[in-house]
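The structure appears below as structure tokens.
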Amino acid sequence: MNKKKTKISRTENPEKFNFSNDKTVRVILIIIMIIALGILLSTIAYTIYKTQANKDIIKYTEVYTSAEVAGNPGLNADPDGLKFGKVPPGASGIRYLDINTSENAIVELYISGELAKYMTVDESMFEINAGESKRIPFYLHIPDTVPLGLIEGKVVVIIRRAEE
């Protein structure tokens, strides 16, 4: 009789598979651990960066702005934004934003959206003292060539701690 010896490979007999002796598995596990550690460290670094970058912001606010270009003028006195109401082509308007803070601060104002083409503000960055209130005028001028309809935008107000 001719008996052949059969070798059993690791894949054919999983009970005898030993992870600790397989170099490929160890290398893969080390690579996975390095990637996981890199992700963890990147997340921690990003969190620290964001915390430090925004620590001086006291308040961030977005104020809705709108104007309806219409044939007849109309007033909008809603206190929930800088709404100019109905403004005929070629006309102008003014609205005010009151800003106050309980500590010395630097105020930054940014106008965005379609209405930004037609709005201006005298001071887009200024200092304000603790307890002080400042009334900021926003001017709107609608050229004759603007078609009738609603124009919208927003004013971003960022109040930062003043450097001591």
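Just so it is clear, none of the values below were taken in a lab; they were calculated from the coordinates. Bear in mind that the values here come from a model prediction, so they are computed numbers and not experimental data.
Multiply the residue gap between V121 and N72 by 0.36 nm, knock off their C-alpha separation, and tell me the result in nm, one decimal place. Present the calculation step by step, with values, prior to reporting the outcome.
Values: separation 49, 0.36 × 49 = 17.64 nm, distance 2.50 nm.
Roughly 15.1 nm would be gained on extension.
A130 to L150: extension gain in nm, 0.36 nm per residue of separation minus the Cα-Cα distance?
Values: separation 20, 0.36 × 20 = 7.20 nm, distance 3.77 nm.
3.4 nm is the gain from fully extending A130 to L150.
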